[in-house]
1. Just add up the charged neighbours of Gly130: K/R +1, D/E -1, any other residue whose Cβ is under 15 Å from the Cβ of Gly130.
2. For the chain, with a Gaussian network of springs between Cα atoms less than 10 Å apart, report the residue from Cys114, Cys86, Cys28 with the top mean-square fluctuation.
3. Compute the FRET efficiency between Ala157 and Phe19 as 1/(1 + (r/R0)^6), taking r as their Cβ-Cβ distance and R0 = 35 Å, and round to the nearest 0.05.
4. Going by C-beta contacts inside 10 Å, put Tyr71, Tyr26 in order with the fewest on the left.
5. Treating the angle as unsigned and between 0 and 90°, give the value, to the nearest 10°, between the Cα long axis of helix 54-73 and the longest Cα principal axis of the chain.
6. If contacts are Cα pairs under 8 angstrom and at least 6 residues apart, what is the relative contact order of the chain in percent?
7. Give the value in nm², to one decimal: projected area of the alpha carbon convex hull of region 53-127, averaged over all directions.
8. If you take the beta carbon distance between Glu42 and Ala143 as r and set R0 to 25 Å, what does 1/(1 + (r/R0)^6) give as a FRET efficiency, to the nearest 0.05?
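Since every read-out is calculated from the coordinates, none of them should be taken as a lab result. The model shown is predicted, which means the values in this text are computed figures rather than measured ones. Cβ: placed from backbone, ideal geometry, glycine included. Neighbour counts: every protein chain shown.
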Amino acid sequence: MTDQRIPEGFFPIAIPDQFVDLVGPYLCKPETDGLRLGLMLEARHGNVMGVAHGGNLVTLADMVMGVGSGYATGLFWPHPTITLNCDFVRGVRIGTWIEGKARITRRTQNFCFCSCDILASGEVALAASGVFKVPELDRVPEAQRRQSADFMARLKARI
């Protein structure tokens with residue numbers, strides 16, 4: 001049986017990236033200790049066995065930790081992936097809601113060290129860890145810095 005409901009409090013997150021548009025749509029829910037990111041699995045997210053394609057689970061984990069790094073640093077701008085490690089734990093049927101939240105284990109001036117579990121019906125489907133580059137503020141366009149600050153303020157107002 002699949003969980004065909006999107007949990008309360010999640011709303012679409014606009015990520016200006018054509019690949020993310022193909023594999024989404026992602027929804028988010030800000031919380032005091034981080035940002036949850038999720039996806040309702042549709043037929044296009046699956047493989048011939050009727051379960052989520054492994055690449056889709058890995059992409060969600062990458063986005064959970066990358067966007068989670070941005071939430072932690074307060075900058076909604078790409079935090080490029082330096083390393084990404086994933087362990088598949090179990091398959092997930094199409095029609096299931098999946099989600100994760102980044103755990104920032106260490107943050108330096110240049111990097112966020114993260115981990116996350118992608119959960120399906122409350123059970124771990126994928127365990128992941130990674131390192132993400134914190135963008136250099138002087139390289140982020142001024143207009144984007146303002147938009148980022150506005151977006152982060154709107155996210156935090158939803159808590």
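1. Result for the local shell: +2.
2. Answer for the Gaussian network model of the chain: Cys86.
3. 0.75
4. Tyr26, Tyr71
5. 30
6. After rounding, I find 25 percent.
7. Result: 5.0 nm².
8. Efficiency, from the Cβ-Cβ distance: 0.15.
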